[in-house]
Amino acid sequence: MKDNEHIFYHHTYTLTPKKEDFYGHIHNEYELLFFYGGKADFDIGGKSYHLRKNDLILVKPAIYHYLNILSDSTPYDRVVFNFRDDDIDERLRGTLTNLGIRYSINPESPIKYLIDALIKNENILSKEEFEYNKESTINNIIACLNHLQMDNDYLVKDMEDTFSLIVDYIDNNPETSINSKVLKDMFYVSESWISHAFKNRFGMSLMQYVNKKKILYAQQLIETGTSIKRASEICEYKDYTTFYRQYKKYLGKEPMKDKGRLQ
């Protein structure tokens, strides 16, 4: 039986959810959220999705995301999984890469049955049995999603399109030198607007976001065999000391800890 304790699973029912208890984050794992109920929006890479009962959200690695609670008097109920692609059966990894962000799940679908069963099994199975159950549940959900159509419905806010385009550009160009002047010239907005947009939407500065993205990309490179020095160069760090400090700041460990981990 495979040791899969690093697949994170959590079912949480919050009677009076507080907006300040949910904060934005970014990591090199997939995040799968099944929404049982509540009033909330889910912001993923600059696009804000209004959650409906039985929605399933898939956040891919290195995408900034956060939950926006809309009512503290409506209970919030959800299941969350976090996992890496090497936790998934290799036959499904291509499917995982090609999946969309949001799916509306029929209450009678196998996906809801799988998640409901996992919740019940948590207090019945042994620890080892439950770890295996988590693995099989994730794999089965991914296989089922391959046959569903993604739901593209999302909320459009003021300047939403411009902000999401800027975020997409940063996300897709971790090897490029990016700052507010570069983005200002590309997207025809002021540097002040960019600064305020990142502070208001992500709670961080533009350069904090850019550096987080670069470090997460460097981690992926190092884990798959790229030398640490070369990874820092690819991510446009001219000074290795700066790269080392940024790596420890954002990931809480030295680059050497990740060397070749996924080879």
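A few comments on the model shown:
- Some residue of the range 144-154 being over 17 Å from the mean Cα position of the chain (by Cα), open to solvent by 40 Å² or more (accessible area, probe 1.4 Å), acidic (Asp, Glu) and under 30 Å from ILE111 (Cα atoms): yes
- Set side by side, the residues TYR66, TYR76, TYR36 differ, and just one is in contact (Cβ under 8 Å) with a residue 40 or more places away in the chain and open to solvent by less than 10 Å² (accessible area, probe 1.4 Å), which is TYR76.
- Residue identified as at pLDDT 90 or above, of a type in the set (D, E, K, R) and part of a helix (DSSP H, G or I) among ASP168, ASP161: ASP168
- Check on ASN133, more than 24 Å from SER48 (Cβ to Cβ) and not in a loop (DSSP other than H, G, I, E, B): yes
- Residues in the range 33-72 that are among the hydroxyl-bearing types (Ser, Thr, Tyr), outside any strand (DSSP E or B) and over 30 Å from ASN173 (Cα atoms): SER71 only.
- Restricting HIS25, HIS10, HIS6 to residues that are open to solvent by 50 Å² or more (accessible area, probe 1.4 Å) and under 20 Å from ARG93 (Cβ atoms) narrows the list to HIS6.
- Of the set (1) open to solvent by 30 Å² or more (accessible area, probe 1.4 Å); (2) in contact with an Asp or Glu (Cβ under 7 Å, 6 or more places away or on another chain); (3) closer than 30 Å to ILE105 by Cα, all apply to GLU129 but (2).
The values are calculated or read from the model by the stated rules, or taken from the named source; none is laboratory data. All figures in this text were calculated on a predicted structure; none of them were measured in a lab. Backbone-built Cβ (ideal geometry, glycine too); neighbour counts: all protein chains shown. The protein model used for the area step is the full one, side chains on, heavy atoms only, and it has no ligands, DNA or RNA in it. Shrake-Rupley method; radii C 1.70, N 1.55, O 1.52, S 1.80 Å.
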